[in-house]
C-alpha cells in the first residue's frame with residue numbers, strides 16, 4: 001500500500017514522534033493487522049493498520065483514509081496496549 005503523507009506527515013511526526021518512514025515500515029509489515037473500519041472512526045471511513053516497524057523496533061498504529069483512489073496517511077503513533085494485544089492475538093491465530 002502506498003500512503004500519501006503530504007498532508008499529515010509533519011503533524012504526525014511533531015505530535016507523536018513517528019516519522020513517515022516508520023509509519024510506512026509498519027504499513028508494509030507482512031503480519032500487519034488491518035481494521036476496516038477503524039474502531040474509533042466517527043465517519044466509518046478510516047482504516048487502522050497495526051504493524052511492526054523494524055526502524056522503530058516497535059509496533060505502530062497507522063490511520064489511513066482512502067479518498068478518490070488515494071490512500072492518505074492521517075496519523076500514526078506507537079501502538080497502545082489494546083492494539084498490541086490485537087496484533088499479538090492475530091499473529092497467534094495466523095490472521096492478517
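Readers should treat all values here as calculations from the given coordinates under stated rules, not as data from a laboratory. Treat the numbers as computed from the prediction; the structure is a model and nothing was measured.
For this structure, a couple of remarks:
- Estimated [θ] at 222 nm from DSSP helical runs (n ≥ 4, -39500 (n - 2.57)) normalised by residues in the chain, nearest 500: -8500 deg cm²/dmol
- Enclosed volume per residue, in Å³, of the convex hull spanned by Cα atoms of the chain: 95
- The chain - share of DSSP beta bridges that are antiparallel (%, nearest 5): 95
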